[in-house]
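Accompanying notes for the structure given below.
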Amino acid sequence: MYFHRCYLELQIYKKIAFYSDFFFNYMFYLCCIKLYKIIFMNRFRKMVTVVTALFALQAAMAQDDVQITFDKLPAKDEGIVKAYSPKDDVQITFDELPAKAQSFVKTHFPKEEVASVWKDIEIEMLRVEDYTVALSNGTKVEFLPNGEWKEIKKSRGSEIPAKIIPNGIAQYVSQNYSGHPIKKISKERNGYEVELIGGTYLEFSRNGKFLRIDD
């Protein structure tokens with residue numbers, strides 16, 4: 001009888017242990033499900049918030065794009081062009097040149113007719129970069145927006161007026177490159193660059209002093 005009783009008690013303890021393990025496993029499972037729901041719902045709420053913010057930002061940016069007509073583009077003022085053109089070069093009249101540039105052409109090329117006048121526009125900044133005047137003898141003169149001459153290039157059979165070329169440059173070319181007249185002269189940041197007939201390039205300082213041969 002004693003052993004039978006011990007056997008029954010052992011069976012009861014096993015069942016209690018089995019159900020205890022089942023209970024704890026079940027509770028652990030419920031806790032995991034609860035934790036997953038909390039994490040998922042928080043992420044879902046954050047995702048909804050982000051998507052809503054993106055749609056709001058897109059709507060705000062769309063309101064910034066306002067369609068206007070062509071005649072409402074900025075008018076000409078301090079280098080700002082009147083009309084936006086996809087081309088870099090826009091043909092203009094001689095009277096549209098800066099007054100200083102007009103005076104330069106009339107003074108140094110009085111016998112030449114103006115064939116065409118162009119202005120080079122920087123599209124992104126909507127400003128004039130320079131002007132180009134083509135004369136009837138083939139000479140081309142480039143001007144800065146303020147009317148100062150930037151570059152002069154002569155054509156075959158024409159000459160660059162002597163008054164334009166600084167004395168130091170004219171003397172150096174005459175003494176060292178006789179028979180090779182100046183084909184082109186341009187103002188650089190630190191002086192002048194001269195191209196001679198034959199393809200030689202010379203660099204000079206602002207006061208006309210020879211610096212080097214530009215290869």
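No value in this document is a laboratory result; all are computed from the given coordinates. Everything numeric in this text was worked out from a predicted model, so none of it was measured. Cβ: placed from backbone, ideal geometry, glycine included. Neighbour counts: every protein chain shown.
Sorted by average packing, counted as other Cβ atoms within 10 angstrom per residue and highest first, what order do 171-182, 193-204 take?
193-204, 171-182
Cα centroids of the stretch 148-215 and the stretch 91-122: how far apart, whole angstrom?
The stretch 148-215 and the stretch 91-122 have Cα centres spaced 22 Å from each other.
Translational diffusion coefficient, Stokes-Einstein: compute it for the stretch 165-215 using the Kirkwood radius over C-alpha pairs as Rh, at 20 °C and 1.002 mPa s, and state it as an integer in µm² s⁻¹.
Here the translational diffusion coefficient equals 202 µm²/s.
Taking R0 as 41 Å, what's the FRET efficiency between SER116 and SER205 from their Cβ-Cβ distance, rounded to 0.05?
0.75
Assuming R0 = 22 Å, what is the FRET efficiency of GLU148 and ASP214, from their Cβ-Cβ distance, to the nearest 0.05?
0.50
Please report ARG156, ARG206 as a ranked list, fewest other C-beta atoms within 10 angstrom at the top and most at the bottom.
Fewest-to-most Cβ neighbours within 10 Å comes out as ARG156, ARG206.
Tell me, Kirkwood radius of the stretch 123-169 from alpha-carbon pair distances, in Å?
Values: mean 1/r = 0.0819 Å⁻¹.
Value: 12.2 Å, from the Cα pair sum.
Suppose the chain between GLN171 and ALA99 were pulled fully straight at 0.36 nm per residue; how much longer would it get relative to their current alpha carbon spacing?
Roughly 22.8 nm would be gained on extension.
If contacts are Cα pairs under 8 angstrom and at least 6 residues apart, what is the relative contact order of the stretch 91-136 in percent?
37
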